[in-house]
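Student: Shown below is the structure under consideration.
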Amino acid sequence: MRLTSFTDYGLRALMRMASAPEQVFSTAEIADEFKVSRNHLNKIMQRLAHHGIVETRKGMGGGAVLARPAAEIGLGEIVRLLEQDQVLVECFSPSGDCAVTPVCRLKHKLRAAEAAFLAECDRTTLADIALPARAPAIA
């Protein structure tokens, strides 16, 4: 299974945030660290905030923090949220039409594989995958 860059970038950001849960992180700071698009990361953070994974703060010193402890945020929850508009194969989409559907034995196997992948993700929390804390900058 291949995750989208939307999920990849979101996971990176959350892994960094979990390394210092009391710190407010700006999107620019995280985007610069991981060399990803700030605009793309802004969209990701908006979705995460809308669904209660992060809280955003506006103004001077604003940014995002985890909305709940990292140990209470499941990896499966994050993956499902960030991949919600993606399907593993076209025939999984509501409008998916496939000529072999009446006799296809692949679809069932792929559904089982996807379920196993998500079940494994459900056994992991954000605390389990937090990045090591960064050393403070020396002035």
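The values are calculated or read from the model by the stated rules, or taken from the named source; none is laboratory data. Everything quoted here is computed from the prediction, not taken from an experiment. FYI the Cβ positions are ideal-geometry reconstructions off the backbone, even for glycines, and counts take in every protein chain you see.
Student: Residues T101, T7, T56: which one is among the hydroxyl-bearing types (S, T, Y) and closer than 16 Å to I129 by Cβ?
Tutor: The unique qualifying residue is T7.
Student: Identify, by number, the condition in (1) more than 22 Å from M17 (Cβ to Cβ); (2) surrounded by fewer than 12 Cβ atoms within 10 Å (Cβ to Cβ); (3) at pLDDT 80 or above that R123 doesn't meet.
Tutor: Condition (1) is where R123 drops out.
Student: Next up: Taking the condition touching a Leu at 6+ places or on another chain (Cβ under 6 Å) and closer than 15 Å to L126 by Cβ, does I53 pass?
Tutor: no
Student: All but one of (1) over 12 Å from the mean Cα position of the chain (by Cα); (2) touching a residue at least 24 places away in the same chain (Cβ under 8 Å) hold for G52; which doesn't?
Tutor: (2)
Student: Scan the range 18-40 and report the pairs whose first residue is closer than 20 Å to T125 by Cβ and whose second residue is among the small types (G, A, S) and assigned to a strand (DSSP E or B), with Cβ atoms within less than 6 Å and a gap of 6+ or a chain change.
Tutor: As it stands, the answer is F25/G63; F25/A64, since those pairs meet every condition given.
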